[in-house]
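This report concerns only the one structure given below.
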Amino acid sequence: MVVYASSMSIHLFNTLGRKKQAFAPLVPGKVGIYSCGPTVYDFASVGNFRSFLFADVLRRMFEANGFAVTQVMNITDVGHLVGDADEGEDKLEKGAKREGKSAWDVAAEYTKAFVEDSKKLNIEVPHVSPKATDHIAEQIAFIESIEKNGYTYIIGDGVYFDTSKLEHYGQLSGQSLDEKEGGSRVAIGDKKHATDFALWKFSPAGETRQMEWESPWGKGFPGWHIECSAMGEKYLGVPFDVHTGGIDHIAVHHENEIAQTLAARNCLEANFWMHNEFLQIDGGKMSKSLNNTYTVADLIEHKIHPLSFRLFILGANYRTPQNFTWDAVGASHTALGNIRNAVRDLPKPSDADAESMAQFMEHVNDDLDTPNALAIFYGVLNHPSMERSVKSATLLAMDEVLGLALEDVVARPLTIPGAVEKLVSNREVARLSKDWKKSDELRDEVLKLSFDIDDTLEGQKVKEVW
Ligand code: AMP
Ligand code: ZN
């Protein structure tokens with residue numbers, strides 16, 4: 001890709017420290033990103049995809065600034081329990097019961113669905129997508145290091161991390177251990193402190209789990225947090241540059257990842273910790289019990305193109321809560337249809353407009369300010385006098401960051417099938433004789449062929465049904 005912003009500074013909001021900081025890579029010219037990926041016991045929701053789209057735009061921003069990016073996104077296929085406090089059923093075993101399949105089959109099925117949905121949203125494929133179950137040995141070795149350094153204890157159901165032994169536990173969420181314990185509603189059971197967490201859980205006595213492994217401590221499975229510390233280190237080395245996830249991960253999952261890596265390696269796991277706010281539905285929480293967790297398949301069923309959902313997500317800053325309504329994503333769908341129509345008629349790209357690109361990248365580099373970056377994009381799209389080949393080049397360059405797949409449509413006028421042409425010319429005749437009924441019928445025929453007509457001052461204009 002063409003690099004437009006190599007001399008610009010990048011500022012990112014770091015949850016660790018709670019302020020916007022100038023970004024400096026650990027190795028010049030390179031960036032390592034670890035993004036917490038999906039738990040593959042069900043389809044990823046549009047809420048989950050807000051998180052993955054945020055990580056994708058972050059990666060594209062670095063690429064547009066000329067960095068060689070390595071992005072790792074894990075696939076959680078074991079150990080993520082229903083409760084956040086190491087209690088409850090393993091989500092994979094729960095999914096298996098629900099579907100009458102093995103946990104392994106459920107994981108394979110939803111991993112495949114996740115990859116397909118990501119593609120529909122034009123999310124760049126991570127360079128490495130490691131599965132937790134493929135890295136059991138690495139996780140055991142990591143726990144051994146934590147144990148050797150004296151941070152563990154064993155109780156009836158597993159090996160636990162003793163958070164009171166770590167001087168800086170709680171630095172990410174900014175809460176002291178006492179505050180966390182005081183505010184915790186979690187039953188602590190045999191744990192020494194409410195914030196202690198499982199590194200390795202034993203298989204229940206007399207029960208064979210579908211997913212279990214031998215370990216130095218007994219047969220069982222890894223705690224949820226250890227996979228990210230172990231696989232992050234394996235593929236990026238520690239510390240690495242940026243760790244991403246949703247805000248729900250701050251207080252438990254990421255706090256515990258930091259603790260594990262500090263205890264095992266005496267080193268911060270990552271320099272920048274970035275978290276997206278939640279996508280809400282109709283102003284409230286998305287939840288299975290309210291039957292309002294939508295998927296990419298639901299978008300398609302509602303005739304919302306997945307890329308329209310991508311445009312919708314870009315319309316809000318990742319650090320503000322965003323509200324999903326069918327009206328709002330419907331408006332994004334219309335908007336993207338209009339963008340596509342407008343760019344089809346542009347000529348082949350020449351050189352991008354440097355000034356517009358600089359303005360655009362300034363917003364993108366300012367903690368991924370996509371709403372303002374989009375405003376610059378629309379300014380170019382609707383510019384009355386910009387050379388049209390410059391316009392197409394500029395919009396395409398911006399789209400390297402936005403990811404709306406405009407390369408498929410820029411300077412590619414619609415090919416209109418003969419059958420549609422014929423209906424349109426018949427409709428012209430009907431309109432000239434003011435036969436509005438016939439005109440409407442002919443438009444319906446055109447719609448059936450997946451095209452539509454705009455009646456403009458210059459006459460009928462055929463467009464795709466988007
Ligand atoms: P999970 O599949 O539960 O491990 O979650 C995958 C990612 O989605 C995590 O980074 C979560 O923090 C994030 N996430 C979950 N729900 C939402 C939501 N409603 N809006 C935005 N991100 C979410
Ligand atoms: Zn994680």
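Scoring Asp345 on the criteria (1) at pLDDT 95 or above; (2) open to solvent by 10 Å² or more (accessible area, probe 1.4 Å) leaves a single failure, condition (1).
Assess whether Glu167 counts as being part of a helix (DSSP H, G or I) and open to solvent by 20 Å² or more (accessible area, probe 1.4 Å).
Numbers: part of a helix (DSSP H, G or I): no; open to solvent by 20 Å² or more (accessible area, probe 1.4 Å): yes.
No; evaluated as a whole, the condition is false for this residue.
Look through Asp56, Asp77 and report the one residue that is open to solvent by less than 10 Å² (accessible area, probe 1.4 Å), of a type in the set (Asp, Glu) and in contact with a strand residue (DSSP E or B) (Cβ under 6 Å, 6 or more places away or on another chain).
Details: Asp56 fails: in contact with a strand residue (DSSP E or B) (Cβ under 6 Å, 6 or more places away or on another chain).
Result: Asp77 is the single residue among Asp56, Asp77 that is open to solvent by less than 10 Å² (accessible area, probe 1.4 Å), of a type in the set (Asp, Glu) and in contact with a strand residue (DSSP E or B) (Cβ under 6 Å, 6 or more places away or on another chain).
Screening Val252 with (1) more than 14 Å from ligand 1 (Cβ to nearest atom); (2) in contact with an Asp or Glu (Cβ under 6 Å, 6 or more places away or on another chain); (3) open to solvent by 10 Å² or more (accessible area, probe 1.4 Å) gives one miss only, at (1).
Filter segment 398-420 down to residues that are touching a residue at least 40 places away in the same chain (Cβ under 8 Å) and in a helix (DSSP H, G or I) and give me whichever is nearest to Phe312 (Cα to Cα). Break it down stepwise before answering.
The first filter runs over segment 398-420 and keeps only residues touching a residue at least 40 places away in the same chain (Cβ under 8 Å), leaving 398, 400-406, 409-414, 416, 420.
Okay, now just the ones that are also in a helix (DSSP H, G or I), so 398, 400-402, 406, 420.
Values: Met398: 16, Glu400: 17, Val401: 15, Leu402: 11, Leu406: 16, Val420: 31 Å.
By that ranking, first place goes to Leu402.
The set of residues in segment 255-274 that are open to solvent by 10 Å² or more (accessible area, probe 1.4 Å) and under 23 Å from Ala141 (Cα atoms) comprises Leu262, Ala264, Arg265, Asn266, Cys267, Leu268. In the set (1) over 30 Å from the mean Cα position of the chain (by Cα); (2) at pLDDT 95 or above, the condition left unmet by Ile136 is number (1).
Could you identify the single residue in Leu447, Leu457, Leu432 that is of a type in the set (A, V, I, L, M, F, W, C), open to solvent by 90 Å² or more (accessible area, probe 1.4 Å), under 23 Å from Ala342 (Cα atoms) and not assigned by TED's automatic domain parsing to the domain that holds Ile339?
Values: Leu447 fails: open to solvent by 90 Å² or more (accessible area, probe 1.4 Å); Leu432 fails: under 23 Å from Ala342 (Cα atoms).
Of the residues listed, the single one that is of a type in the set (A, V, I, L, M, F, W, C), open to solvent by 90 Å² or more (accessible area, probe 1.4 Å), under 23 Å from Ala342 (Cα atoms) and not assigned by TED's automatic domain parsing to the domain that holds Ile339 is Leu457.
Identify all residues within segment 275-310 that are crowded, with 16+ Cβ neighbours inside 10 Å, in a helix (DSSP H, G or I) and of a type in the set (D, E, K, R); write none if there are none. Correct list: Arg310 only.
Name the pairs: first residue in segment 219-246 and free of Cβ contacts under 8 Å to residues at least 40 places away in the same chain and under 16 Å from Ala264 (Cα atoms), second residue away from ligand 1 (no atom under 15 Å from the Cβ) and of a type in the set (D, E, K, R), Cβ to Cβ under 8 Å, at least 6 apart or on different chains? Listed pairs, sorted by first residue: Val238/Arg265; Val238/Glu269.
Out of Gly37, Gly32, I need the residue that is in contact with a strand residue (DSSP E or B) (Cβ under 8 Å, 6 or more places away or on another chain), assigned to a strand (DSSP E or B) and surrounded by 21 or more Cβ atoms within 10 Å (Cβ to Cβ). Which one? Lay out the reasoning, then the answer.
Values: Gly37 fails: assigned to a strand (DSSP E or B).
None of the others qualify; the one that does is Gly32.
Residues of segment 147-164 that are at negative phi and in a loop (DSSP other than H, G, I, E, B): Asn149, Tyr151, Gly156, Asp157, Asp162.
Of all the residues in segment 80-97, those that are within 14 Å of Thr39 (Cβ to Cβ), open to solvent by 10 Å² or more (accessible area, probe 1.4 Å) and part of a helix (DSSP H, G or I) number 3.
Each residue in segment 171-213 was checked for being at pLDDT 95 or above and either acidic (Asp, Glu) or outside the structural domain of Glu89 (by TED's automatic domain parsing) (or both), and 1 of them qualify. If the condition is being closer than 15 Å to Phe272 by Cα, more than 16 Å from ligand 1 (Cβ to nearest atom) and open to solvent by 20 Å² or more (accessible area, probe 1.4 Å), then segment 234-249 contributes Leu236, Gly237, Val238, Pro239. Looking for something more than 16 Å from ligand 2 (Cβ to nearest atom) and either buried (at least 24 other Cβ atoms within 10 Å of the Cβ) or in a helix (DSSP H, G or I) (or both) - is there at least one such residue anywhere in segment 223-232? Taking every residue of segment 223-232 in turn, none turns out to be more than 16 Å from ligand 2 (Cβ to nearest atom) and either buried (at least 24 other Cβ atoms within 10 Å of the Cβ) or in a helix (DSSP H, G or I) (or both).
The values are calculated or read from the model by the stated rules, or taken from the named source; none is laboratory data. Note that the coordinates shown come from a computational prediction; the quantities given were computed from them, not determined experimentally. Every residue, glycine as well, gets a Cβ built from its backbone with ideal geometry; the counts of neighbours run over all protein chains shown. What goes into the accessible areas is simple: the full protein's heavy atoms, side chains included, and nothing from ligands, DNA or RNA. Shrake-Rupley method; radii C 1.70, N 1.55, O 1.52, S 1.80 Å.
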